[in-house]
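The values are calculated or read from the model by the stated rules, or taken from the named source; none is laboratory data. Here the structure is a predicted model, which means the values were calculated and not measured. Here the Cβ is made from the backbone with ideal geometry for all residues, glycine too, and neighbour counts use every protein chain on show.
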Amino acid sequence: MSNVLTDGTLAVTVNGLRFLNPFIIGSGPPSTNATIMNKAFAAGWGGVVAKTTSLTDTHVVNVQPRYGKLHSPAGDSIGFQNIELISDRPFEDWEDDFRKVKATYPDRILIGSIMESYSKPRWQELAQRTIAAGCDALELNFSCPHGHPETGMGAAMGQNPAMVEEVTGWVTEVAGGRPVWAKMTPNIADIRVPSRAARRGGATGVAAINTILSTIGINLKTLRPTPTVEGYSTFGGYSYRAVKPIALRMVGEIAMDQPDFAVSGIGGVTSSTDAIEFLLMGASTVQSCTGPMLQGFEMVTELGDGLAAFLRQHNFNTVQDAIGQSLKYFTTHHHLVELQAAKKAAKAAELANRDTEWGKSDIASETGSLVSSKE
Ligand SMILES: Cc1cc2nc3c(=O)[nH]c(=O)nc-3n(C[C@H](O)[C@H](O)[C@H](O)COP(=O)(O)O)c2cc1C
């Protein structure tokens, strides 16, 4: 493990929580139980968002196969699709796991991810028990796009700003001041709208993005969409490299809209370059889920070394100094046109200023470009 991951070089404090580094395992297979979460921490990750949990009587039945890959013509994996549901483990087992992980890695940040049906007592019980079992913060899953929306959960809530505000309010009422991040669905026209609703409900930040609703492919022999389960499929959630540009845009939109709101950036992070881009777009922490699934937990070593080198190169003393640095370079398309016209005019004036340039266009406009007051 690289020292920079744990020696404080890359530490960042978000909502009062000190992360030894800004790299967090996103909710999913790399955080499905205590053994795997401890492996992530052993490799050096600063935080883990546990696989989404619900109360034990929630009906969760997964199917197989449930993943699919998109390859580039050269054969690299560039996109990944899943039709996986939230955890199928009893919540009592999760409570044991949270305690075990926190006891083993007290200096790392453990975030419980929770999802429930539209019921105040259920959300509040789940939130309180998750915190009582040792989680430092909560992430509210308003965003899984497949399976759960059929029962009014996940993205079905995230696409309804009034519900996002109300449910976030239920949770923050009992969260005892712990940070609460609402995880946003990208399957919506304007991600700023549910983000603002989460804040009104008392969230201290958002995580963006969950997966993008997709179909990874069709088998041309059988005409069946994939992944195929008993001959059929369902739309799933798209992740990994291909989604990064969309995630970066959405993180930037939220950060520009609410500059003092914590954003945990997620979507397609596979290298330090990707992670740094999310920081520059305003994220204060960066999550990765499919990255460690396909590349292993050790990918965090390159994330740490690359970020440390980047900070040195730009004379940034801390990770905080880099956050949001690229946002000021976004403007409207209209303004881009104006900037380009101004640059062209300045160049024409500069050229006309030299004696060798006279005669290249008509003499009257050359003279005009040198007149200070237009009469
Ligand atoms: C197999 C799989 C299972 C996932 N399960 C969850 C989940 O239980 N809860 C959740 O909030 N997000 C879940 N996600 C979404 C990821 O946490 C993440 O938001 C998304 O995949 C985009 O990030 P990535 O490109 O780094 O994977 C899952 C993603 C994958 C690929």
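Which residues, taken from the stretch 52-80, are within 16 Å of Gly154 (Cβ to Cβ), within 12 Å of the ligand (Cβ to nearest atom) and at pLDDT 95 or above?
Hits for the stretch 52-80 are Thr52, Thr53, Ser54, Arg66.
Please go through (1) within 14 Å of the ligand (Cβ to nearest atom); (2) within 19 Å of Val263 (Cα to Cα); (3) part of a loop (DSSP other than H, G, I, E, B) for His146 and return the number of the only condition it doesn't satisfy.
Of (1) within 14 Å of the ligand (Cβ to nearest atom); (2) within 19 Å of Val263 (Cα to Cα); (3) part of a loop (DSSP other than H, G, I, E, B), only one is false for His146: (2).
Residue by residue through the stretch 146-171, note down the ones that are over 17 Å from Arg192 (Cα atoms), modelled with pLDDT under 95 and of a type outside the set (Ser, Thr, Tyr).
His146, Gly147, His148, Pro149, Glu150, Gly152, Met153, Gly154, listed by residue number.
If you go through the stretch 158-168 one residue at a time, do you hit one that is away from the ligand (no atom under 16 Å from the Cβ) and touching a Gly at 6+ places or on another chain (Cβ under 8 Å)?
Looking through the stretch 158-168, at least one residue is away from the ligand (no atom under 16 Å from the Cβ) and touching a Gly at 6+ places or on another chain (Cβ under 8 Å).
Please state which of the following conditions Thr270 fails to meet, knowing it meets all the rest: (1) surrounded by fewer than 24 Cβ atoms within 10 Å (Cβ to Cβ); (2) under 14 Å from the mean Cα position of the chain (by Cα); (3) part of a helix (DSSP H, G or I).
With respect to (1) surrounded by fewer than 24 Cβ atoms within 10 Å (Cβ to Cβ); (2) under 14 Å from the mean Cα position of the chain (by Cα); (3) part of a helix (DSSP H, G or I), Thr270 is out only on (3).
Looking at (1) more than 30 Å from Trp123 (Cα to Cα); (2) of a type in the set (Lys, Arg); (3) within 14 Å of the ligand (Cβ to nearest atom), which is the only condition Lys221 fails?
Only one criterion is unmet by Lys221, namely (3).
Tell me whether the stretch 124-145 contains one or more residues that are at pLDDT below 95 and of a type outside the set (A, V, I, L, M, F, W, C).
Yes.
Would you check which residues across the stretch 127-163 are of a type in the set (A, V, I, L, M, F, W, C), surrounded by fewer than 23 Cβ atoms within 10 Å (Cβ to Cβ) and closer than 16 Å to Gly177 by Cα and list them?
Ile131, Ala132, Ala133
Out of the residues in the stretch 86-126 meeting the condition of being of a type in the set (Lys, Arg) and in contact with a helix residue (DSSP H, G or I) (Cβ under 6 Å, 6 or more places away or on another chain), tell me which one is surrounded by the most Cβ atoms within 10 Å (Cβ to Cβ).
Among those that are of a type in the set (Lys, Arg) and in contact with a helix residue (DSSP H, G or I) (Cβ under 6 Å, 6 or more places away or on another chain), it is Arg108.
Take Thr211 and decide whether it is closer than 26 Å to Pro149 by Cα, polar (S, T, N, Q) and within 16 Å of the ligand (Cβ to nearest atom).
yes
For the stretch 99-122, check the following and say yes or no: at least one residue is in the same structural domain as Glu173 (by TED's automatic domain parsing), assigned to a helix (DSSP H, G or I) and aromatic (Phe, Trp, Tyr).
The answer is no; no qualifying residue exists.
So which residues in the stretch 13-27 are touching a strand residue (DSSP E or B) at 6+ places or on another chain (Cβ under 8 Å) and crowded, with 21+ Cβ neighbours inside 10 Å, if there are any at all?
Those that are touching a strand residue (DSSP E or B) at 6+ places or on another chain (Cβ under 8 Å) and crowded, with 21+ Cβ neighbours inside 10 Å: Val14, Phe19, Asn21, Pro22, Phe23, Ile24, Ile25, Gly26, Ser27.
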